[in-house]
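The block underneath contains the structure these notes are about, expressed in structure tokens.
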Amino acid sequence: MAANNRRMSGKKGAQVGSGGQRRKGLEGKGPTPPAEMRKGHKKNRVANAKAKQSVRRPVARGRGGKSSSELVVGRNPVVEALREGVPASTLYVQQFIDNDERVREALQLVADRGGMNLMEAPRPELDRMTNGLNHQGLVLQVPPYEYAHPEDLTAAAYDDGEDPLIVALDGVTDPRNLGAVVRSVSAFGGHGVVVPERRSAGMTAGAWKTSAGAAARTPVARATNLTRALEAYKKAGITIVGLAADGEVELRDLAALGGPVVIVVGSEGKGLSRLVGETCDHRVRIPMPGGAESLNAGVAAGIVLYEAASRRS
């Protein structure tokens, strides 16, 4: 009976104290990080899942096609891309990163822009994502660029009641040249740029940066076969003008620039490819009294676009 009373008793024995740990736990630890960066938080789990899917998910192809996702790696490149407004979906920040001025600026730019995911990830995960590149704890994910179709460029021009003014690039592989051409097309009232699907620069973060924001308002179309795309433009009544150092016509003598035209620019070293050159209605040379052998794609396109724009004004 005495044993039963002891088992039914509500009295508790001696309790082990917390040793002051509860009091220490109430002490301040600085500002609370965003929910997306708090390990174990629901928003952190959701953001992690979305980020992994966006990196690994196969890219769907639309009418003009899409590029693949791109990662900008390193503190200086990430900060520069954010400053230039390169469209980005997620900034990955290494856990326990040394918080220097560039890291703080990157975080501030993301906060100011809004609509971007901010993810904290351990270094091994960032090493895996970047294939071991020196990411310095910052990795910026740029989503796939959605290319237009070559026909979209002419349709947009005619919808605005204007003659198409388009630049096509043949064998230009430097993204900075593509960005410079996009910038020139935007500056002189052009309707877009066409690039071939293979052996050509694409709309990477480098091209976005060089375009200085013009890529946000000037479409870039991608053609499966550039020669066939140019032939389709010709059938639609558009004059195809190729730039060549040994062109038969001098730029100032070409009357066709005042109407619907596609200006084809080749690579600095090789110029126009044979099939593309044969497709052109005119092969035009830019006079260079200084004796330079060639101009890069961005400069050459800018000169011809200025000439075309002056005739349309």
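Data for the structure
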{"quantity": "Surface accessible to a 1.4 Å probe, Asp281 within the full protein complex, Å²", "calculated": "70 Å²"}
{"quantity": "For region 154-242: accessible area per residue (Å², 1.4 Å)", "calculated": "41 Å²"}
{"quantity": "Projected-area average for region 183-257 over all orientations - Cα convex hull basis, square nanometres", "calculated": "6.4 nm²"}
{"quantity": "Theoretical gain in end-to-end length, Leu275 to Ala155 [0.36 nm per residue, Cα-Cα removed]", "calculated": "40.6 nm"}
{"quantity": "Net charge, Ala180 excluded, C-beta distance under 15 Å - Lys, Arg +1, Asp, Glu -1", "calculated": "0"}
{"quantity": "Reachable aspartates and glutamates, given that their alpha-carbon falls under 13 Å from the alpha-carbon of Lys270 and they are not under 8 places away in the same chain", "calculated": "Asp170, Asp246, Glu293"}
{"quantity": "Sparse-neighbour loop sites [trypsin sites (Lys or Arg not before Pro); region 155-220; at most 14 other C-beta within 10 Å; DSSP]", "calculated": "Arg198, Arg199, Arg217"}
{"quantity": "Arg311/Asn225 FRET efficiency (R0 35 Å; Cβ-Cβ; nearest 0.05)", "calculated": "0.70"}
{"quantity": "Long-range amide H partners of Arg285 with built H, under 5 Å", "calculated": "Ala244, Gly247, Val249, Glu250, Leu251"}
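The values are calculated or read from the model by the stated rules, or taken from the named source; none is laboratory data. All values reported here derive from a predicted model rather than from experimental measurement. Counting neighbours? That spans all protein chains shown, and the Cβs are built from the backbone with ideal geometry, glycine included. Quick note on the areas: whole protein, heavy atoms, side chains included, nothing else; ligands and nucleic acids left out. Shrake-Rupley method; radii C 1.70, N 1.55, O 1.52, S 1.80 Å.
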